[in-house]
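The values are calculated or read from the model by the stated rules, or taken from the named source; none is laboratory data. In this text, all values refer to a predicted model and were calculated from it rather than measured experimentally. Here Cβ is always computed from backbone atoms with ideal geometry, including for glycine, and neighbour counts include all displayed protein chains. The area values use the complete protein model at the heavy-atom level, side chains included, leaving out ligands, DNA and RNA. Shrake-Rupley method; radii C 1.70, N 1.55, O 1.52, S 1.80 Å.
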Amino acid sequence: MSKKILVLAEAREGALRNVSFEAIAAGKKLSNGGEIVSVLIGEGISSLSQELVEYGADKVVTVEHDKLKQYSSDGYAQALLAAIEAESPDGIVFGHTALGKDLSPRIASKLGSGLISDVTSIEESGGKLVFIRPIYSGKAFEKKVVNGGLVFVTIRPNNIDPLPKEEGRSAEVTSLNVDITDLRTIIKDVVRKATDGVDLSEAKVIVAGGRGVKSESGFEPLKELADLLGGAVGASRGACDAEYCDYSLQIGQTGKVVTPDLYIACGISGAIQHMAGMSNSKVIVAINKDPEANIFKVADYGIVGDLFDVVPLLIEEFKKIKVS
Amino acid sequence: MNIFVLMKRTFDTEERISISGGKIADDGAEFIINPYDEYAIEEAIQLRDAHSGEVTVVSVGSEEAEKQLRTALAMGADKAVLINIEDDVEESDQFTTARILGEFLKDKEADLIIAGNVAIDGGSGQVGPRVAEQLDIPYVTTITSIEVEGQKVTIVRDVEGDSETIETSLPLLVTAQQGLNDPRYPSLPGIMKAKKKPLEELELDDLDLEEDDVEPKTKTIDIYLPPKKEAGRVLEGEIDAQVKELVNLLHKEAKVI
């Protein structure tokens, strides 16, 4: 039986986040040929609808209000619950982003439904949808099913491929008027610490530094390499504890869990807590002076050497590829 | 201030993980207070010390969680409550846990509820916001600082690396992110005192809940370890030759650049 799936689109600084398209692709797997309705919430965001259609949305519902300019759990919950009431979906997909993590449990609780969080792949087995998600900091995986009722999942960014973009595809775009009242939490200020908009959890390339980076300025070459590759800079707990960088960059068991296509670990010894945050990356490169460092055990490619020699050379070589 | 902390006893994920019979083998494993809940306990103690009041730490689980609750008491919490579901609930999920906690908290007149933002075992991060929704109070997740002045609360939260400053008011639920504080170790006098502090044990009956009310909405059908990664290649030769080879491999073999 085909199903109607509602997926939440997420915009950041005026552009849709990739996870919005990945959520559409996940929704397709849930829908069994049914309709994908993308919900876009914010203010002055309706121009983003077309891109959602080109990535596979069969309908876009926009909810615009000046109180929705910034995310708040109260505002977004009101908007989303109105969209859910209007569309009566059989399933819901969010990205497992800061927003998705904050909002999804509340919506699930309100709907009295289950919620499978942080899904990295979706399979079908005997006509049933099976959701796979990492547990124990990525050291194990579990397969989960829904015991009937609404299917509600959040998907980890960078794990489910979006559908190919179809330029010029068209679909219905409607706007829903929702009276947003009573925001109990008010954002007073936002300090952007994350590097240049490339968010660690969505980055395709991460260049991470550990204690071997030695100082705050030691992160400069790493940042240059990350910028060159369109990636983000991360760090081990050791580097954060030593105050070489902000805790917002920390990858590991406490800190962020990332799965980029390429993870370049520079001067990171590979403590088990760090590995928990990055060992599921597709390709891992380790650069470390110590040939016995643990990080080489999970690395696909390793260079034994001083990161301050290796990273500048890497930058040069990558520049050559970029030019050619 | 009447403060409640939601605490989970978790498997220490620094331990080696092995599977037996489709479950994580836990014999001989070390169990700890979920690290994010430790931040929650510490923050609750600091807020109580600054504003007076009482800290109650609540856990849903089995009798074995008493040990972690005693640790919380030794850190400085005033009371502990164990909601023991071992005999009543065969299978549970986040819906189950949140439903039980919501039912327990609904008449407690909590000013502030603090939880960890995620448990390092299951890793879903649902219980905090679910409980807030049930109690119909606002919540703020992944906080790195909190200041309370009368009913007014100012919070800084971590949003994927950015910091948001938020104003809200009590009653409120917040979830702790790393960086909120440095949790204390229980002192020896703390450990002695903890033995005499109240640790109440409740079951579903005491909350007027039936097993059906907390029936899970999702089910785990299998648990497995990720495929073992083969040892990679450590390159050899002069550094610049290695770098050239590496870039070539990433470009042609791994095709990630």
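Worth a mention:
- Straight Cα distances below 15 angstrom link A:Lys204 to the aspartates and glutamates A:Glu22, A:Asp161, A:Asp196, A:Asp227, A:Asp261, with same-chain residues fewer than 8 positions distant left out.
- Cα centroid separation - segment A:80-107 against segment A:52-74, whole Å: 11
- Scalar couplings 3J(HN,Hα) for segment A:271-276, obtained by applying the Karplus form with A = 6.51, B = -1.76, C = 1.60 to θ = phi - 60°, are 4, 4, 5, 6, 4, 4 Hz; x denotes Gly and Pro.
- Residues whose amide H lies under 5 Å from that of B:Val140, counting only those 5 or more places away or on a different chain, are B:Leu173, B:Val174, B:Thr175; hydrogens are built 1.01 Å from N in the peptide plane.
- Under a Gaussian network description of chain A, with springs only between Cα atoms under 10 Å, the residue in A:Gly302, A:Gly277, A:Gly95 that fluctuates furthest is A:Gly302.
- With each label modelled as a point 7 angstrom along the Cα→C-beta vector, the A:Lys188-B:Lys252 pair spans 5.9 nm.
- Protein-protein interface of segment A:125-144, residues with accessible area decrease of at least 30 Å², isolated chain reference, 1.4 Å probe: A:Arg133, A:Ile135, A:Tyr136, A:Lys139, A:Ala140, A:Phe141, A:Glu142, A:Lys143, A:Lys144
- Global form of the protein assembly as shown, assessed from the alpha-carbon gyration tensor, a/c cut-off 1.5: oblate
- With the highest mean first, a sort of the peptides A:208-219, B:179-190 on other beta-carbon atoms found within 10 angstrom per residue produces A:208-219, B:179-190.
- Cleavage-rule hits, GluC sites (Glu not before Pro), segment A:43-101, DSSP coil, Cβ neighbours within 10 Å at most 16: A:Glu43
- Using a probe of 1.4 angstrom and keeping all protein chains present, the accessible surface of chain A works out to 38 square angstrom per residue.
- Residue ranking by accessible heavy-atom surface, 1.4 Å probe, largest first, among B:Val159, A:Val60 comes out as B:Val159, A:Val60.
- Amide H contacts of B:Leu202 (H built 1.01 Å from N, under 5 Å, at least 5 apart or other chain): B:Leu82, B:Ile83, B:Asn84
- Buried area at the A-B interface (accessible, heavy atoms, 1.4 Å probe, summed, Å²): 6800
- Accessible surface for chain B, divided over its residues, is 46 Å² per residue with a 1.4 Å probe.
- Helix A:307-323 vs. chain A, principal-axis angle (Cα, 0 to 90°, nearest 10): 60
- Shielded by partner chains, segment A:169-217 residues - at least 50 Å² of accessible area, 1.4 Å probe, vs chain alone: A:Arg184, A:Thr185, A:Lys188
- The mean number of partner chain beta-carbon atoms within 10 angstrom of a residue's beta-carbon across peptide A:17-26 is 0.
- Around the Cα centre of segment A:174-244, unit charges on the Cβ atoms of Lys, Arg, Asp and Glu (plus for the first two, minus for the last two) sum to a dipole of about 200 debye.
- Pairwise centroid distance, computed over Cα atoms, of segment A:201-249 with segment B:76-98, Å: 40
- Working note: 222 nm ellipticity from helices only, DSSP H runs with n ≥ 4, each -39,500 (n - 2.57), summed and divided by the residues of chain A, gives -8500 deg cm²/dmol to the nearest 500.
- Averaged over A:67-74, number of beta-carbon atoms from partner chains that fall within 10 Å: 2
- Around the Cα centre of the protein assembly as shown, unit charges on the Cβ atoms of Lys, Arg, Asp and Glu (plus for the first two, minus for the last two) sum to a dipole of about 1300 debye.
- J(HN,Hα) series, segment B:60-69, from Karplus relation 6.51 cos²θ - 1.76 cosθ + 1.60, nearest Hz, glycine and proline x: 9, x, 10, 3, 4, 6, 4, 4, 5, 5
- For chain B, averaging the sequence separation of C-alpha pairs within contact (under 8 Å, six or more residues apart) and dividing by the residue count gives a relative contact order of 24 percent.
- Fraction of accessible area attributable to carbon and sulfur, segment B:2-214 (%, probe 1.4 Å): 42
- Each Lys and Arg Cβ is given +1 and each Asp and Glu Cβ -1; about its Cα centre, chain B then shows a dipole of about 940 debye.
- For chain B, the 222 nm mean residue ellipticity estimated from helices alone, with every DSSP H stretch of n ≥ 4 adding -39500 (n - 2.57) and the total spread over all residues, rounds to -7500 deg cm²/dmol.
- Only one residue of A:Ala203, A:Ala239, A:Phe219 has its Cα farthest out toward the positive end of the dipole of segment A:195-323, where Lys and Arg carry +1 and Asp and Glu -1 on Cβ, and that residue is A:Ala203.
- Solvent-accessible area, 1.4 Å probe, carbon plus sulfur percent, for segment A:155-280: 47
- Centroid-to-centroid, using Cα positions, segment A:276-324 and segment B:174-248 are 28 Å apart.
- Crossing angle, helix A:73-87 versus chain A [Cα axis fit, 0-90 degrees, rounded to tens]: 50
- Accessible area of B:Val55 in the full protein assembly, 1.4 Å probe (Å², nearest 10): 0
- Spatially proximal lysines relative to B:Lys217 (Cα-Cα < 16 Å; intrachain offsets below 8 disregarded): A:Lys110, A:Lys128, A:Lys143, A:Lys144
- Angle of helix A:98-111 to the longest C-alpha principal axis of chain A, folded into 0 to 90 degrees and rounded to 10: 30°.
- Placed amide H near A:Gly209: partners under 5 Å, 5+ positions off or other chain: A:Gly234, A:Ala235, A:Ser236, A:Cys266
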